[in-house]
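The values are calculated or read from the model by the stated rules, or taken from the named source; none is laboratory data. Remember, it's a predicted structure, so these values are computed and weren't measured experimentally. Virtual Cβ from ideal backbone geometry, glycine too; neighbours counted across all protein chains shown.
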Amino acid sequence: MARYTGPATKKARSFGEAIYGYDKAFEKRKYPPGQHGMNRKRKQRSDYALQLSEKQKAKYTYGVLERQFRNTFETAARKSGVTGEILLQMLEARLDNTVFRLGIAPTRRAARQLVSHKHITVNGIVTNIPSYQMKNGDIVGVRGKSQALSVVKENVAKKTDVRKFGWLQWNPDKYEGIFLQYPSRDQIPEKINEQLIVELYSK
């Protein structure tokens, strides 16, 4: 399964934002990586550079590689509605992202690993495809014997209130959640300017 496996903090520093969640190392060094990070002169970036940076930020935030991201965009463009919003909705509806949002895993990387190692079920069926697209009413659960995993138990125990993600519902007794509907743009907390991505692919 192809995925980015490089240094997360370095990538976050390049965007100037903790795209992978809270990072102690990032908080200490919020300047760009490299030998001249703090002293590097900031040049005014072109429109293309801004658009490309925004696409890269979205791609790394959701852990999607280039071809898969492009295919997701093209699928979103074929649907009726606002392309940028549909793109983010499709990224949010990925199984690995849903596992992360439900609080079963601390990061999207960890969620992807749980999915690929067959610890997650969708509607009672073991599903090991991180990019699986959730549909309204789909039930995401932790496989019976996998509920005893320390990483799962610890994260579920300290899980923040999932109600802040209004498109999801969590049942702690059954270790399962429901994907109620696609989120609206204002419900998605990621700081991504999706219009710049649309402009980049429209060239």
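Taking the criterion of being touching a residue at least 24 places away in the same chain (Cβ under 8 Å), among the aromatic types (Phe, Trp, Tyr) and assigned to a helix (DSSP H, G or I), would at least one residue in region 53-61 satisfy it? Even if it seems obvious, please write down each step before you answer.
First, pick out the residues of region 53-61 that are touching a residue at least 24 places away in the same chain (Cβ under 8 Å): 53-58, 60-61.
Retained after the next criterion (residues that are among the aromatic types (Phe, Trp, Tyr)): 60.
With assigned to a helix (DSSP H, G or I) added as a condition, the list becomes 60.
The answer is yes; a qualifying residue exists.
Among (1) modelled with pLDDT of 95 or more; (2) closer than 30 Å to TYR201 by Cα, where does ARG108 come up short?
(1)
Check LYS145, LYS174, LYS135 and return the single one that is touching a residue at least 24 places away in the same chain (Cβ under 8 Å) and surrounded by fewer than 12 Cβ atoms within 10 Å (Cβ to Cβ).
Values: LYS145 fails: touching a residue at least 24 places away in the same chain (Cβ under 8 Å); LYS135 fails: surrounded by fewer than 12 Cβ atoms within 10 Å (Cβ to Cβ).
Of LYS145, LYS174, LYS135, the one residue that is touching a residue at least 24 places away in the same chain (Cβ under 8 Å) and surrounded by fewer than 12 Cβ atoms within 10 Å (Cβ to Cβ) is LYS174.
From the set of residues in region 98-120 that are without any contact (Cβ under 8 Å) to a residue 24 or more places away in the chain and not small (Gly, Ala, Ser), which is surrounded by the fewest Cβ atoms within 10 Å (Cβ to Cβ)?
We begin by selecting, within region 98-120, every residue without any contact (Cβ under 8 Å) to a residue 24 or more places away in the chain; these are 100, 111, 113, 115, 117.
Adding the requirement that they be not small (Gly, Ala, Ser) leaves 100, 113, 115, 117.
Numbers: PHE100: 24, GLN113: 18, VAL115: 28, HIS117: 12.
Only one residue tops the list, namely HIS117.
List pairs: first in region 155-168 and hydroxyl-bearing (Ser, Thr, Tyr), second surrounded by 13 or more Cβ atoms within 10 Å (Cβ to Cβ) and at pLDDT 85 or above, Cβ under 9 Å, 6+ apart or cross-chain?
THR160/GLY103
Look at region 123-148 and say how many of its residues are part of a strand (DSSP E or B), within 18 Å of ALA93 (Cβ to Cβ) and in contact with an Asp or Glu (Cβ under 9 Å, 6 or more places away or on another chain).
Here is the first cut: in region 123-148, the ones part of a strand (DSSP E or B) are 125-126, 133, 138-142.
Pick out the ones that are also within 18 Å of ALA93 (Cβ to Cβ) and you get 125, 133, 138-141.
Filter once more, so that each one left must be in contact with an Asp or Glu (Cβ under 9 Å, 6 or more places away or on another chain): 139-141.
Final tally of qualifying residues: 3.
Yes/no matrix, rows are residues, columns are (1) outside the structural domain of LEU65 (by TED's automatic domain parsing); (2) at pLDDT below 95; (3) under 18 Å from the mean Cα position of the chain (by Cα); (4) under 30 Å from THR83 (Cα atoms):
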site: HIS117; (1), (2), (3), (4): yes, no, no, no
site: ASN128; (1), (2), (3), (4): yes, no, yes, yes
site: GLN133; (1), (2), (3), (4): yes, no, yes, yes
site: ILE139; (1), (2), (3), (4): yes, no, no, yes
site: SER146; (1), (2), (3), (4): yes, yes, no, no
site: SER150; (1), (2), (3), (4): yes, yes, no, no
site: ARG163; (1), (2), (3), (4): yes, yes, yes, yes
site: GLY166; (1), (2), (3), (4): yes, yes, yes, yes
site: ASN171; (1), (2), (3), (4): yes, yes, no, no
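Within region 149-161, identify whether any single residue is part of a helix (DSSP H, G or I), acidic (Asp, Glu) and within 30 Å of TYR48 (Cβ to Cβ), and answer yes or no.
Initial filter on region 149-161 (part of a helix (DSSP H, G or I)): 150-157.
Restricting the remaining residues to those that are acidic (Asp, Glu) gives 154.
Remaining after also requiring within 30 Å of TYR48 (Cβ to Cβ): none.
Within region 149-161, none of the residues are part of a helix (DSSP H, G or I), acidic (Asp, Glu) and within 30 Å of TYR48 (Cβ to Cβ).
State yes or no: is ALA49 modelled with pLDDT under 95 and not charged (D, E, K, R)?
Values: modelled with pLDDT under 95: yes; not charged (D, E, K, R): yes.
For ALA49, the condition - modelled with pLDDT under 95 and not charged (D, E, K, R) - is met.
Against the conditions (1) outside the structural domain of VAL64 (by TED's automatic domain parsing); (2) touching a Phe, Trp or Tyr at 6+ places or on another chain (Cβ under 9 Å), where does ILE197 fall short? Just the number, please.
Going through the list (1) outside the structural domain of VAL64 (by TED's automatic domain parsing); (2) touching a Phe, Trp or Tyr at 6+ places or on another chain (Cβ under 9 Å), ILE197 breaks only (1).
Let's see how each residue does on (1) surrounded by 12 or more Cβ atoms within 10 Å (Cβ to Cβ); (2) among the aliphatic types (A, V, I, L, M); (3) at pLDDT 95 or above:
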position	(1), (2), (3)
GLN35	no, no, no
LYS43	no, no, no
SER53	yes, no, no
ARG70	yes, no, yes
ARG78	no, no, yes
